[in-house]
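Okay, so here's the structure we're looking at.
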Amino acid sequence: MASADLERDPFYLRYYTGHQGMHGHEFLEFEYSHGRIRYANNSNYRNDSLIRKEMYVSPAVVEELKRIVRESEVTKAFAHLGAHARSREDDVAWPKKNIVGRQELEVRIDKEHISFETAKIGSLADVNDSQDAEGLRVFYYLVQDLKCFIFSLITLHFKIKPIQQ
């Protein structure tokens with residue numbers, strides 16, 4: 001996939017988690033679209049400031065991101081809901097956003113477009129205690145994989161120093 005193909009590729013991914021608390025609006029967000037990853041992390045704890053990063057990625061990185069999403073089967077996990085899977089019908093049994101915060105995930109891949117919103121999930125115990133543990137487990141593991149991948153990319157992209165010759 002050439003970079004021109006990335007511009008036409010409809011693949012899109014956005015993840016957000018955050019809350020409004022004692023230190024204001026604190027959040028973590030990343031988004032992929034058309035060959036570019038944007039990352040933002042806002043924590044006002046100890047007067048930290050907003051961190052924004054943006055990077056263009058290779059077609060191989062995009063294919064890996066797609067593979068992670070496809071292998072999670074997040075789009076298939078709710079196929080039994082039919083047309084409603086494209087709305088928020090599939091997350092109705094998940095914990096609702098609350099004072100602890102919320103998470104959002106939106107994915108457009110192949111011919112699927114899904115969007116979820118739920119409360120922040122602290123651990124697998126929270127997942128297992130939910131009304132739709134199976135669906136929430138798919139979401140939970142996908143989010144963990146995506147965060148790990150994105151954080152690794154950011155670390156590699158912004159912390160590696162070029163070799164001086």
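Read the figures in this text as sums done on the coordinates, not as results from a lab. Quick caveat: nothing in here was measured; it's all calculated off a predicted structure. Every residue, glycine among them, receives a Cβ derived from its backbone with ideal geometry; neighbour counts consider all protein chains shown.
Starting with the fewest neighbours, write out I51, I37, I160 ranked by other beta-carbon atoms found within 10 Å of each beta-carbon.
Least to most surrounded, the residues fall as I160, I51, I37.
Once backbone amide H atoms are built at 1.01 Å from N, E112 has no partners under 5 Å, excluding neighbours fewer than 5 places away on the same chain.
Within the chain, the percentage of alpha carbon pairs spaced more than 28 angstrom apart rounds to 27%. A Gaussian network model of the chain, with springs between Cα atoms under 10 Å, assigns the largest mean-square fluctuation among I114, I150, I99 to I99. Neighbour counts of other Cβ atoms within 10 Å put D145, D132 in the fewest-to-most order D145, D132. Note on the stretch 3-159: with charges restricted to the Cβ of Lys and Arg (+1) and Asp and Glu (-1), its dipole about the Cα centre is near 400 debye.
Taking a threshold of 21 Å on the Cα-Cα distance, which of the pairs K66/K147; K66/K120; K120/K159; K53/K159 fall above it? Each step should come with its number before you reach the end.
Details: K66/K147 14 Å; K66/K120 24 Å; K120/K159 29 Å; K53/K159 12 Å.
Result: K66/K120; K120/K159 exceed 21 Å.
A helix-only calculation puts the chain at -10000 deg cm²/dmol for mean residue ellipticity at 222 nm, using -39500 (n - 2.57) for each DSSP H run of at least four residues, averaged over all residues. Each Cα pair under 8 Å and six or more residues apart adds its separation to the average, and for the stretch 3-159 the resulting relative contact order is 22 percent. Put a dot 7 Å past the Cα of R70, heading toward its Cβ, do the same for S49, and the two dots end up 4.2 nm apart.
Separation of the stretch 84-159 and the stretch 2-47, taken as the distance between their Cα centroids, equals 14 angstrom. Out of Y16, Y45, Y56, any idea which swings most in a Gaussian network model of the chain, alpha carbons joined below 10 Å? Residue with maximal mean-square fluctuation among Y16, Y45, Y56: Y45.
Largest GNM mean-square fluctuation among A125, A93, A40, using the chain with Cα springs under 10 Å: A125. Ranking Y45, G122, P59 by how far each Cα lies toward the positive end of the dipole of the stretch 3-159 (charges on Cβ) leaves Y45 at the top.
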